[in-house]
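These notes concern the structure reproduced below.
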Amino acid sequence: MSTETFWDDADRHLIRYGASFTPRIIERAAGSYVYDSDGRAILDFTSGQMSAVLGHSHPDIVKAVSGSVASLDHLFSGMLSRPVVDLAKKLAATLPPTLSRTLLLTTGAEANEAALKMAKLYTGGYEVVSFDRSWHGMTSGAAAATFSAGRRGYGPTMPGNLVLPTPDSYRPQFRNADGSYDWESELSYGFSLIDRQSTGALAACLIEPILSSGGIIDPPLGYLARLKELCVERGMLLILDEAQTGLGRTGQMYAFERDGVVPDILTLSKTLGAGLPVAAVVTGDDIEARCRERGFLFLTTHASDPLAATVANTVLDVIARESLAERAAKLGEQLADRLDALRDTYEVVGDVRGRGLLRGIEFVTDKATKAPADALGQAVTTACLERGLHLNIVQLPGMGGIFRIAPPLTASENELHDGIDILDASIKAVLAGS
């Protein structure tokens, strides 16, 4: 099939579901690269859809999938296999003692749906609080708690969803007398608004410990601890969505570890499957027991599938064996240094933020006004792809183009620096008009 025929068929037969497709036909992927139909290697600095933490076609994952498909892949949801119980035990060993029970699912949205249902059943409430730039999935409950995009044109969402202001230290809404970010006042004000809107049925606060699609926003140290206190005061559960931050990406196994805060419910997805559809909800004995008593129901076609469990077990084994969380911390320091240098070099690079191998850079027209530079971000994206680097740009109203940089945790130092070299050259070329 010719390239022209391929794109004609795509235009004619595919439902378009978001941003425009990348103008390359991808034929295969291996390690930190994907390869297009012309044989060109493209460095993958989004780890697929923020999922391929072990890179593409990792030999352990290939072996695990091949073996499971050949022997034990899918079962009736009421049946159990050893890989599922092994995974629950293995996950518990990586987490605080209060997170000891796992429900194995397939997608992040599905995991958030289950977590929200558990929180509502446990508390007896129905109101859910999320950040105003949140992204938690496209199914009904998860979409109702998603505020960064996708809310217009679909009619009413699930009732009871309320917003907190996103803790953005680069564009703060509240400031101290010295001009620094006053997140304490912002958080207090946010909850005062929630208290005014609430019908007295608060069930949960669902957030990412680092907002990813919301612009790589890393809340200040102390924020999550105070947020947890405010939840406890209101009888709410804290649900942390670590779809993109879990399993080593931030330089720790879980992003919440930095803050010394333990969620009531943890959801995992993307990174748990290393590119394959695997997700999990993790909670403690008390919540699980009460939900069980009250008839918790979440039967899905692929709940407790042995193939998903086998993949997740393999991912955890590789991360532990290769010390990938520690590696992400080390490489993350090099990445931060390189990105800081870009910020110091270019007037249009306004901010650099994130942790480990999850970083963001925000483009602005100039550092003084911080005016959005959407067109510039798109131009740099195109220039990077032409030079062999794939980056994802997050576009949010009133903000500049924000690059989300998340290479595989297995990327080499050379690949990391090659990618930033391409980004540097692309910014320079776009600014020069070439």
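The values are calculated or read from the model by the stated rules, or taken from the named source; none is laboratory data. The structure displayed is predicted, hence computed values, not measured ones. Here Cβ is always computed from backbone atoms with ideal geometry, including for glycine, and neighbour counts include all displayed protein chains. Surface areas here come from the heavy atoms of the whole protein model, side chains and all, with no ligands, DNA or RNA. Shrake-Rupley method; radii C 1.70, N 1.55, O 1.52, S 1.80 Å.
Quick notes on this structure:
- Of the residues making up region 11-24, those that are open to solvent by less than 70 Å² (accessible area, probe 1.4 Å) and either over 23 Å from D38 (Cα atoms) or at pLDDT 95 or above (or both) number 1.
- Pairs meeting the criteria (first residue in region 217-235 and open to solvent by less than 30 Å² (accessible area, probe 1.4 Å), second residue among the β-branched types (V, I, T) and not in a loop (DSSP other than H, G, I, E, B), beta carbons under 8 Å, at least 6 apart or on different chains) are L227/I207.
- Residue check, V65 in contact with a Ser or Thr (Cβ under 9 Å, 6 or more places away or on another chain) and surrounded by 17 or more Cβ atoms within 10 Å (Cβ to Cβ): no
- Matching residues in region 238-254 - criterion: being among the acidic types (D, E) and either more than 10 Å from L266 (Cβ to Cβ) or in contact (Cβ under 8 Å) with a residue 60 or more places away in the chain (or both): D241
- Any hit, region 230-247, residues being touching a Phe, Trp or Tyr at 6+ places or on another chain (Cβ under 7 Å) and part of a strand (DSSP E or B): yes
- Inter-residue pairs, beta-carbon under 7 Å, first more than 20 Å from V311 (Cβ to Cβ) and of a type in the set (S, T, N, Q) and in region 92-106, second open to solvent by 20 Å² or more (accessible area, probe 1.4 Å) and not in a loop (DSSP other than H, G, I, E, B), 6+ apart: S100/A92; S100/D285
- Some residue of region 171-191 being open to solvent by less than 60 Å² (accessible area, probe 1.4 Å), part of a strand (DSSP E or B) and either within 23 Å of V261 (Cα to Cα) or out of contact with any strand residue (DSSP E or B) (no Cβ under 9 Å at 6 or more places or on another chain) (or both): yes
- Taking the criterion of being over 16 Å from C205 (Cα atoms) and of a type in the set (D, E), the only residue of region 104-119 that qualifies is E110.
- Residues of region 389-428 satisfying the condition of being modelled with pLDDT of 95 or more, open to solvent by 10 Å² or more (accessible area, probe 1.4 Å) and farther than 23 Å from A274 by Cβ: H417, D421, I422, D424, A425, K428
- Answer residue from region 132-170, given it is open to solvent by 50 Å² or more (accessible area, probe 1.4 Å) and charged (D, E, K, R) and is nearest to S213 (Cα to Cα) among those: D132
- Scanning region 81-117 for residues that are farther than 27 Å from L240 by Cα and part of a loop (DSSP other than H, G, I, E, B) gives a single hit, S81.
- Verdict on L385 being hydrophobic (A, V, I, L, M, F, W, C), open to solvent by 10 Å² or more (accessible area, probe 1.4 Å), more than 23 Å from S148 (Cβ to Cβ) and touching a residue at least 60 places away in the same chain (Cβ under 8 Å): yes
- Close contacts from region 350-377, counting a first residue that is touching a residue at least 40 places away in the same chain (Cβ under 8 Å) and more than 27 Å from A411 (Cα to Cα) and a second that is assigned to a strand (DSSP E or B) and open to solvent by 20 Å² or more (accessible area, probe 1.4 Å), with Cβ to Cβ under 8 Å and a gap of 6+ residues or different chains, come to none at all.
- A52 vs. criteria crowded, with 21+ Cβ neighbours inside 10 Å and part of a helix (DSSP H, G or I): no
- L307 being over 19 Å from A93 (Cα atoms), assigned to a helix (DSSP H, G or I) and in contact (Cβ under 8 Å) with a residue 12 or more places away in the chain: yes
- Here Y122 passes the criteria (1) more than 18 Å from L297 (Cβ to Cβ); (2) in contact with a Lys or Arg (Cβ under 9 Å, 6 or more places away or on another chain); (3) of a type in the set (S, T, Y) except the one numbered (1).
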